[in-house]
Each structure stands twice: as C-alpha cells, then as structure tokens.
1. Can you work out the Karplus-derived ³J(HN,Hα) for every residue in region 722-730? Use 6.51 cos²θ - 1.76 cosθ + 1.60 with θ = phi - 60°, whole Hz, and x for glycine or proline.
2. Using amide H atoms built in the peptide plane, which far-off residues or other-chain residues are under 5 Å from Ile188 H to H?
3. Can you tell me the equivalent ellipsoid semi-axes for region 379-522? Use √(5λ) from the Cα gyration tensor, largest first, whole Å.
4. Give the long-range amide H neighbours of Glu742: residues separated by 5 or more places, or on another chain, with amide H under 5 Å away, using H modelled in the peptide plane at 1.01 Å from N.
5. Grab the other residues whose beta carbon is less than 14 angstrom from that of Glu330, score K and R as +1, D and E as -1, and report the net.
6. Given a 1.4 Å probe, how much area per residue of region 507-607 is accessible, in Å²?
7. First compute the accessible area of region 449-497 with a 1.4 Å probe, then give the percent of it belonging to carbon and sulfur atoms.
8. Please report the carbon-and-sulfur percent of the accessible area for region 312-413; probe 1.4 Å, protein heavy atoms only, DNA, RNA and ligands left out.
Amino acid sequence: MPDTIRATSGSLKAHPRRSGFLAAAPVLLSVTPAYAYEIAPFGPLDTFIDAFADLTRPEIAGLTIILGVFVFAVVTAIMLVRMRTRAAQTAIAAREQIIELKAEVDRVNILLLSEPQIVVAWPAGGDTPEIFGDTAMVTPVSAPHRVLAFGTWLEPYQARSMEQAVEELRARGASFSIPLATLSGRPIEAEGRAIGGRAVLRLKDVSGIKRDMADLSQRHERLLVEVDSLRTLIEALPSPIWARDENGALSFVNLAYARAVDASTPEDAVVRGLELLDRPAREAVARACDANECYTGRVRAVVGGARRSFDVRSVPTARGSAGIGIDATEVETLRGELGRMSEAHRSTLDLLATGVAIFGANQKLTFYNTAYRSLWDLDAAFLDQGPSDSAVLDKLRATRKLPEEQDFRQWKTELHAAYRATEPREYMWHLPDGRTLRVVTTLNPEGGVTYLFDDVTERLDLERRFDALIRVQGETLDNLTEGVAVFGSDGRIRLHNPAFASMWALPPETLAERPHIEAVTGQCQRLHGEDTTWQSLRAAVTAIDNREPLIFRLERRDGSVVDCATVPLPDGATLVAFHDITDTVNVERALRERNEALETADEIKIDFVHHVSYELRSPLTNIIGFAHFLDDPATGPLNERQREYLGYLTSSTNALLAIINNILDLATIDAGAMTLDLGPVDIRETMNAAVEGIQDRLVTAGLSLDICVPPEAGSFVADEKRVRQVLFNLLANAASFSPQGETITLTVECRSDEVVFSVTDRGPGIPEEVQDRMFNWFETHPLGSQHRAAGLGLSLVRSFVELHGGSVRLESDIGRGTTVTCSFPLDQHAARTAA
C-alpha cells in the first residue's frame with residue numbers, strides 16, 4: 001500500500017492540468033496513504049483528478065474551491081465510514097484470533113497434562129522456579145514447593161542423586177534422565193534439560209513399557225545390591241555353603257567350604273569338584289532335589305583329618321540346588337553332656353527332701369521332684385500336664401493347703417513378682433495344717449522361676465525346743481544344789497553353776513579365766529587332802545582313750561560328805577557333778593537304824609499275833625462248845641431271852657473265831673509257812689458252797705444273789721478250801737456294803753489259761769486314791785458299812801490268790817458299786833514255779 005501511494009503522488013506531479021487542483025486542494029493530498037487507498041473503489045484516482053482538473057480554470061475558480069471542499073468532505077465521510085467498517089472487521093478478526101489462541105493454549109495444556117507429570121522451570125538468572133503439573137504425585141497438593149525437597153519423598157541415596165543432577169543442570173545445563181521410586185513405591189522418571197536459556201525439570205509418572213523398564217531397573221539394582229550383600233555374607237559365614245547346577249556339579253562354594261575340602265580358593269574347589277559330603281549323603285540330597293523337596297539331616301564328614309557332624313540342609317532351585325552344612329559337632333557333644341548333666345541334675349533333685357518346682361518363662365511347670373509332689377499331695381497326672389503357676393496355686397488354695405490370706409489375688413501377684421525380680425526372694429508360709437515352709441524363689445537364666453520348698457516345721461520346733469532347753473538347762477544348772485562343772489577336751493573349765501563355786505569356795509574371777517583341771521583340783525584339795533581321789537578325777541577329765549565314768553565319795557575335812565560323778569561328753573568334754581549328801585548320809589544312818597528296829601518290832605509283832613491267836617483260839621473253842629451245849633435241849637429248857645442272848649453269843653464267837661483264823665492264816669502266809677493242798681476243784685460246787693455260807697447274811701440284809709456260771713464250766717487244779725474262802729470273803733464284803741434290796745453278782749469265766757471269778761455289788765464305791773490300800777491288813781472301807789469288820793477279808797483274798805500264782809483287780813465307781821476280779825491260772829505248777 002505505501003508503494004501505491006508513492007506512485008499516485010508521482011502521477012499528480014507529472015500532469016500539468018492537475019497542478020491547480022493540487023494547489024487548490026492541499027488538504028486532500030495530506031490524506032494518509034491508507035485513507036487514499038480507501039477511495040480506490042470509486043475508480044482510478046487519476047481519472048478522478050482529471051475530472052476535477054477542468055474545474056480549476058480561472059473562470060471557474062470559485063466553483064472549483066467549493067467543489068473541492070465538497071469532494072473533500074464526501075471523501076472524508078466515505079473514508080470514515082470505511083474505516084469504521086474496517087475497524088469492526090478487525091475487532092471481529094482479533095476476537096476470532098484470541099479464541100483460536102485460547103483453544104491452542106487449552107490444547108497445549110491438555111497435551112501437557114494428558115499424563116501425570118510435574119514440570120519445574122527455573123528462569124535464567126533466577127532462583128524461584130515455576131512448578132506445573134500434578135504435584136500430588138509426589139507431595140500433598142497443599143505443599144507443591146516440597147517437590148524440590150527430594151528427601152521428603154525419595155530414599156536418601158536417590159535424593160542425593162537428584163540434588164547433584166539438578167545442581168549440574170542449573171550450573172552447566174547438563175541433561176539427565178534418572179528412574180526413581182517414591183517412598184510409597186511409585187515409579188517416577190526424572191528428566192532435566194536446558195530449554196531457551198531455562199533449566200527445566202520434568203518428573204513423569206512412568207507407565208507402560210517405560211514403567212516396566214523402570215521397575216526392572218530398580219529391581220535389577222536392588223537385586224545386585226542384595227546379591228552382593230548375600231555373597232559377602234556367605235563368604236564370611238563359617239559354615240560350608242555350596243550350589244549345584246542341574247547336572248549336580250558344583251557351581252559355587254564359599255571360603256569355608258574350600259577350607260573344609262583343603263582347597264586353595266573356592267574357585268579351585270569348584271574346578272576340581274571337591275566334595276564335602278560322602279556318596280550316600282550326596283545321593284540322598286540328589287533324591288530330595290529330584291523330588292523337589294528340601295533335604296534336612298545330620299551327616300558325617302571328614303574335615304582336617306577328623307570326623308565331624310554337620311546339619312545339612314539342601315533346597316532345590318530353578319537350575320539345581322543349594323545347600324549349607326552347619327558344624328554340629330560341638331553342639332552334639334554339648335547336647336550329650338547337657339543331657340547327661342540334666343539327667344543327673346534331675347536325679348539329684350529327685351533325691352532331695354526339699355521340694356523343687358521349675359516354671360518356664362510362660363509360667364508353665366517344666367520340672368518337679370518327688371518331694372514337691374509329696375509335700376503338696378498332688379496328682380502326678382495333673383503335674384505332668386504342665387499346669388501354670390496360677391493353676392497350681394488355685395488348686396492348692398481350693399484344698400486349703402496354702403496360707404490363709406485376706407487378699408489372695410494380691411498375695412499371688414506379689415509372689416509372681418519373682419518372674420521380674422533380679423535377686424532371690426525368701427518367704428515363710430504358715431500352712432493351715434500347722435506346717436511351716438521356707439519358700440525361696442530364684443529367677444532362671446533362661447526365664448521363669450525355680451521354687452524351693454523346705455519344710456522347716458521340725459527345725460523351727462527343734463530350735464524353739466533347743467532355746468527353751470538351753471534356758472531351762474541354764475536355769476536348772478543355776479538352781480541346782482549340786483555343784484556341776486563341764487571341762488573341755490583341753491582340760492579347761494567351760495561351764496559351771498553357782499553351787500560348784502560355792503561348794504569348793506572358788507572365787508568368780510578365777511573361774512572366769514577358765515582354769516585348767518590342775519588349778520581347780522589344787523584349790524579344792526585344801527578342803528580334801530586325799531591325793532589319790534583328785535588324781536583319778538584329773539585322769540577322767542584329761543583322758544583320751546578309755547573314758548569311763550567314775551563315781552566316788554569324798555569326806556571333807558569340815559565333816560561334810562560329797563558324792564562325785566564324772567560323765568564323758570561328746571567332743572572330749574567331761575561333766576563333773578558334786579552332790580553334798582551330808583544330810584542324806586545322816587538320815588540314811590538314822591533310817592537304817594530305825595529300819596532295823598522296825599524289822600525287829602515287826603518280828604516281835606508277828607510272833608506276838610501268832611502266839612496270841614493260838615492262845616485266844618483255845619478258850620474261844622471252849623466258849624463255842626459250851627454255847628452249843630446250852631443250846632442243846634438235852635441240857636435243859638431256856639426262856640426266850642436266854643435263847644436270844646445265846647444266839648448273840650454264838651454269832652459273836654463264830655465271828656471272833658473267823659477273825660482269829662484269818663489272822664493266823666495271814667501270819668502263816670507272811671511267814672512263808674503256808675502250803676496249798678492242790679487238787680481238782682469243781683467250779684460250780686465251790687461257788688455253791690461259798691454262797692451257802694453267806695446265805696443267812698443275804699436273807700437278813702434283804703439282798704439277792706445272781707450267779708452266772710457258763711455250761712462249759714468244769715474244774716481246775718487249786719486248793720478248794722482256799723478258793724471257797726476267797727469267794728466267801730468277797731461275797732461277805734459285797735454284802736456288807738450293798739444297800740437293802742440290791743443284787744450281788746457272782747460270775748465265772750473260763751479262759752484258755754485261767755479261771756476268772758468276779759463279784760460285783762451296787763454299794764457306795766471306793767475312792768480311787770484308797771483303792772490300793774484296801775488290800776492292807778486292818779484296812780476298812782472309808783465310807784463305813786452296816787456290819788463291823790476287822791478289815792482282813794480283802795487282804796486274805798489277795799494273799800490266797802497270789803499264793804496260787806494269780807492276781808486280784810479292783811474296779812470301783814463312786815455311787816455305782818465295786819467289782820473285785822480274781823484270776824487263777826490253770827497251770828498251777830508253772831504258776832508256783834514262777835512265783
């Protein structure tokens with residue numbers, strides 16, 4: 001368009017007729033080229049100018065000016081209209097272009113964000129980057145600036161690699177492409193390059209083949225690291241390790257394997273095919289590998305000239321197998337030793353009297369000995385199940401074998417604190433059955449607790465008794481009237497009581513120095529000058545062999561008499577006791593003299609009684625005879641009063657005669673002059689004869705008699721007269737003390753070796769403290785009786801029965817009566833020989 005304007009201007013200057021027009025219309029020529037171009041549609045500009053050139057003649061000059069102005073106005077109006085139209089068209093075109101540009105931007109954004117990625121761009125010379133894309137791919141949406149904080153979403157070694165690569169990119173424009181993996185495992189491809197003076201980093205989420213390749217790359221890298229670590233570890237292991245190919249040949253061995261087979265290097269062992277295992281073991285491993293199974297077993301192998309045991313484990317692989325041999329020689333030896341020690345330990349614990357129970361770390365019972373089971377009386381089947389500590393305590397508590405505790409749960413918790421304690425703990429359990437246990441809990445090295453239960457009931461009781469005994473002995477020794485001293489094996493005094501010091505006038509300070517027996521006898525000898533006695537005492541205290549007790553008597557210079565006795569004690573000690581018997585000796589002398597006088601008087605008494613009894617029996621016999629004559633009708637009649645008096649006289653003389661006869665019998669027995677007239681004794685007839693003699697007394701007293709004789713009662717060997725006399729005295733004694741209307745029982749029992757007679761009354765009974773005295777001479781019943789008696793019946797009974805070799809027993813209850821039992825042995829010859 002400018003070129004067209006310039007050409008038009010040239011045409012105007014060349015045309016002569018147009019000069020006036022141009023002079024007359026300078027304004028029109030000032031139109032801009034663009035606007036001049038706008039009038040071109042009305043026709044060629046030159047034609048338009050020529051049309052107006054003719055009007056520039058002078059004659060029409062005025063009209064030309066008007067027309068020029070008019071034309072200028074028209075042209076200007078036309079140009080304005082066309083300019084407005086063009087502006088509208090330009091605006092429309094601009095809007096369409098803007099729409100197209102926006103669409104293009106949207107297409108670019110869609111293309112940029114069509115896959116997950118982040119773009120970071122650093123302007124040239126700037127430090128603040130622009131970040132585009134899905135930042136949530138590596139960091140939270142709310143913190144896109146943390147995209148460049150690689151340590152927050154990458155592993156440390158990858159974060160360091162990224163930091164170095166970004167620094168190289170921004171400093172020198174060095175491009176890079178690095179596969180990454182976020183901490184969450186998401187694969188990322190980091191690509192950096194310089195574009196238009198800018199450093200651009202693109203983090204792209206790898207997908208498809210690239211993602212697979214990135215995964216493979218990472219896995220390959222990890223596998224290389226793992227393989228290197230495993231190879232290093234395998235080489236460092238002390239156990240032989242090997243790998244075989246599909247043909248069973250060695251493909252890899254470690255250094256321990258090479259040393260085991262005496263190879264210089266592992267490669268040398270592989271090349272030479274040196275085998276550690278023997279053929280049977282290799283064949284067993286091969287069979288397991290062919291069956292795609294693991295092989296585990298203990299095999300023997302020769303290493304360094306010595307046979308050793310290896311725990312071999314071989315596993316099949318994709319192209320062969322791999323195995324390891326763990327040297328179990330020491331383990332096998334130690335296990336055997338441990339087993340033997342454990343068995344010996346268990347056997348020893350089983351022999352202990354202390355109860356032992358071992359609970360593991362899980363508080364389950366792992367061991368108990370016999371003493372533990374017996375102590376608690378637990379069932380072996382229950383203990384063999386391995387019950388828990390709490391279960392055992394609960395069972396013992398249910399059977400009331402544990403101490404009574406108010407809060408059992410708290411008590412059990414405190415006891416189970418032993419599983420966390422570092423030091424042994426000791427408890428004293430006082431059980432309901434009166435036993436006392438000393439319980440010690442010890443933490444096991446491998447975990448768990450060992451309980452030791454020691455029954456100290458007897459020990460504590462013995463300690464209490466011992467303490468009490470020591471105190472009692474101390475008090476006893478201190479309060480004894482006898483002087484007591486204990487000398488040790490070295491001959492020095494160890495223990496003494498005050499009586500010893502007082503008896504021999506020994507000062508306390510001297511005894512406190514524990515003097516030797518020589519010093520003690522030297523001070524005591526001033527009271528008794530007999531050297532022989534003290535030499536014997538010194539020998540008894542200091543003797544080593546033949547330590548026999550000594551007993552001797554000392555008569556001191558002050559007139560006192562002392563009995564000395566030595567008693568050998570354990571550990572070479574000797575007890576020496578001194579007893580002042582001066583009073584005893586004096587009393588003994590007086591008693592001996594009195595006894596002699598009493599024996600003489602007793603002999604005189606017996607002789608007197610015997611003589612008087614014989615002298616009394618002769619006139620008494622005459623009185624009895626004359627009384628019978630008076631009672632005879634041939635002598636003459638008697639009135640009632642005379643007959644009554646004669647009856648009293650007869651009964652009194654009979655009683656007096658019986659007493660005199662009894663006295664004579666007792667005197668004869670006491671003198672040892674009585675003999676028995678042994679012969680067959682009919683039990684039933686003898687009892688009837690004794691009852692007949694007491695019949696009148698039973699009728700007079702209103703008593704009844706119950707006789708119990710078994711059908712098999714026969715006879716036995718004895719003095720019939722004395723047996724009848726025994727039964728008569730027993731029945732008479734029972735009748736004397738039985739209330740009116742009561743029943744007296746006479747029974748006999750025939751046993752295999754004896755005949756037993758019993759007489760029972762329902763009288764007042766005899767007090768226990770006087771029962772033994774009832775068999776003495778002239779001893780009467782303490783409660784009295786309705787008949788007067790001399791107190792000789794039971795004495796005579798016992799004398800006659802003992803003369804037969806039998807025995808008499810008296811049983812009595814106050815208010816319920818008395819039973820006297822007499823036993824006669826069947827073998828009188830043996831009984832009399834024993835008597």
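1. Working through the residues one at a time gives 6, 5, 5, 5, 4, 5, 4, 5, 5 Hz.
2. Leu180, Ala181, Thr182, Val206
3. Semi-axes (√(5λ), whole Å): 55, 18, 13.
4. Placed amide hydrogens put Ser704 under 5 Å from Glu742.
5. 0
6. Per residue, region 507-607 has 63 Å² of solvent-accessible surface.
7. Looking at region 449-497 in its full context, I get 55 percent from C and S.
8. Ligands and nucleic acids excluded, carbon and sulfur reach 51 percent.
The values are calculated or read from the model by the stated rules, or taken from the named source; none is laboratory data. Only a predicted model underlies this, so the values are computations on that prediction, with no experimental measurement involved. So basically every Cβ, Gly included, is an ideal-geometry build from the backbone, and we count neighbours across all protein chains shown. Each accessible area value is taken on the protein alone, full model and side chains, heavy atoms only, with ligands, DNA and RNA left out. Shrake-Rupley method; radii C 1.70, N 1.55, O 1.52, S 1.80 Å.
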